[in-house]
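The values are calculated or read from the model by the stated rules, or taken from the named source; none is laboratory data. Everything numeric in this text was worked out from a predicted model, so none of it was measured. Cβ placement follows ideal geometry from the backbone for every residue including glycine, while neighbour counts extend to all protein chains displayed. Note: accessible area is taken over every heavy atom of the protein model, side chains too, but ligands, DNA and RNA are not part of it. Shrake-Rupley method; radii C 1.70, N 1.55, O 1.52, S 1.80 Å.
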Number of protein chains: 2
Amino acid sequence: MPSAKRDHLVETALRLFYRDGFHATGIDTILREAGVAKMTLYNHFRSKDELILAALELRDERFRAWLDAAIAPYPDDPREQILAIFDAAETLFQQDDFNGCAFTRACGEFRDPECSIHQAGMRHVCMLTDFLEDLAASAGAGDPESLARQLALLFVGASAAAQVTCSCGPAHCGRCAAATLIDASVVAHSSSRSSTSN
Amino acid sequence: MPSAKRDHLVETALRLFYRDGFHATGIDTILREAGVAKMTLYNHFRSKDELILAALELRDERFRAWLDAAIAPYPDDPREQILAIFDAAETLFQQDDFNGCAFTRACGEFRDPECSIHQAGMRHVCMLTDFLEDLAASAGAGDPESLARQLALLFVGASAAAQVTCSCGPAHCGRCAAATLIDASVVAHSSSRSSTSN
DNA sequence: TTGGAAATAGACAGACCGGTCTAGCTGTTC
DNA sequence: GAACAGCTAGACCGGTCTGTCTATTTCCAA
């Protein structure tokens, strides 16, 4: 059972890793900022890498909650739910502390696919794609899996582009592209179902 | 006028920064790998950051040449030229040394928008978007600027997703999405031109 | 009150970091 | 042969890095 000190440490670690980068943020900086002793860190984690992993897991939980909150206003409209994710991204990208996608950045700094940090990034992208696939299927997409992958690319690209350009424009741009892709997939599915039902 | 030693140093720096990350790669590692003396580095560059910048500039030049080579086989078909970029990306993403987009990763590690390294990333993404805009206009897109931004998002997203998942699948996925977006934009433009000419 | 878990507070070790400096070598041009 | 540009080869500096260790303190439940 995690302790309050542990949770606070992970919270602070996430904030600093996300702001400054994983390699650029040292243990001493995190401990100073969290007001936690080094022995406490090494009681809870075997290494800095394990702290990074815990921080990414916290980030993933937060992101899932954010996704659920983003689609909540449209419980019966999967197309709107998908677009609402990009709308919520536009708000997210405008926040002062926004600094791109923690997972793609973690994978950029930890290249080895066998590395548990890189694997956390893989799992996160899979989670996002699965989430979008459910919505795509509900929206009547002809090929929900393909549409979901495309939407995931758009989301990841929008996040990265927003971080590079320091603008929230990519979210709106991604939303427009998503709408086009969804409609193209749904129309194609409806047309093929009309043909076969005749 | 750059010297052979300087060019070799930048070449080696680019390779190591791209493989291992900017903060994770130290000066001594680069010098050892390049067989160049520290004094030589500091004769040519005022700091590590300047070396990083030179490495990114070299990368940008290489990327522009790669873009030109990717579209060369289809001199008269802008739609195919755009799609060929994603085809070429599929090949690129399968190379052993592929490790995502150097520019979005640089921006991830150097967050400050005033920082010249981050600005190099901004310029690069603008260059790609401009490149795609020319092709989009030639392909008859109704709104070439918007289409170009969407295609840039797809490309950036595909690059990041390929690095995270260690797969070239995102390139193909991006290609499919690009085709849909191009056709949607061109058809919309043709329809609006037909209406106004009647 | 006591015992134990959890946390604190550094010191310490060994390694690495970016950058400065000195002395010397090599190759080229005049 | 001399002068000079470019480069080599580290030593050195002050700092940071991750992780280990010891001694001590704090808090809480029994």
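So the values come out like this:
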read-out	value
Every residue from the range A:28-50 that is under 17 Å from residue A:109 (Cα atoms) and within 6 Å of DNA strand D (Cβ to nearest atom)	A:47, A:48
Residue match in the range B:72-90 (condition: hydroxyl-bearing (Ser, Thr, Tyr) and within 16 Å of DNA strand D (Cβ to nearest atom))	no
Candidate set: the range A:160-178, residues that are of a type outside the set (Val, Ile, Thr) and open to solvent by 20 Å² or more (accessible area, probe 1.4 Å); chosen: the one farthest from the chain's Cα centre (by Cα)	A:176
Among (1) more than 9 Å from DNA strand D (Cβ to nearest atom); (2) of a type in the set (Val, Ile, Thr); (3) not in a helix (DSSP H, G or I) - the single one residue A:25 does not satisfy	(1)
Residue selected from the range B:27-59 under the condition loosely packed, with under 14 Cβ neighbours inside 10 Å and closer than 11 Å to residue B:9 by Cα, by the criterion farthest from DNA strand C (Cβ to nearest atom)	B:35
Qualifying residue in the range A:187-198 (condition: more than 12 Å from chain B (Cβ to nearest Cβ) and of a type in the set (Val, Ile, Thr))	yes
Test result for residue B:80, open to solvent by 60 Å² or more (accessible area, probe 1.4 Å), under 27 Å from residue B:168 (Cβ atoms) and assigned to a helix (DSSP H, G or I)	no
Residue under evaluation residue A:85, criteria (1) open to solvent by 20 Å² or more (accessible area, probe 1.4 Å); (2) of a type outside the set (Gly, Ala, Ser); (3) part of a helix (DSSP H, G or I), criterion not met	(1)
Looking only at the range B:107-137, and only at residues there that are more than 12 Å from the chain's Cα centre (by Cα), buried (at least 22 other Cβ atoms within 10 Å of the Cβ) and of a type in the set (Gly, Ala, Ser), the one that is farthest from the other protein chains (Cβ to nearest Cβ)	B:136
The listed residue being within 13 Å of DNA strand D (Cβ to nearest atom) and either touching a strand residue (DSSP E or B) at 6+ places or on another chain (Cβ under 8 Å) or in a helix (DSSP H, G or I) (or both), out of B:15, B:6	B:6
In the range A:91-103, the residues that are away from chain B (no Cβ under 13 Å) and part of a helix (DSSP H, G or I)	A:91, A:92
Residue A:22 being in contact (Cβ under 8 Å) with a residue 40 or more places away in the chain, more than 16 Å from DNA strand C (Cβ to nearest atom) and within 14 Å of chain B (Cβ to nearest Cβ)	no
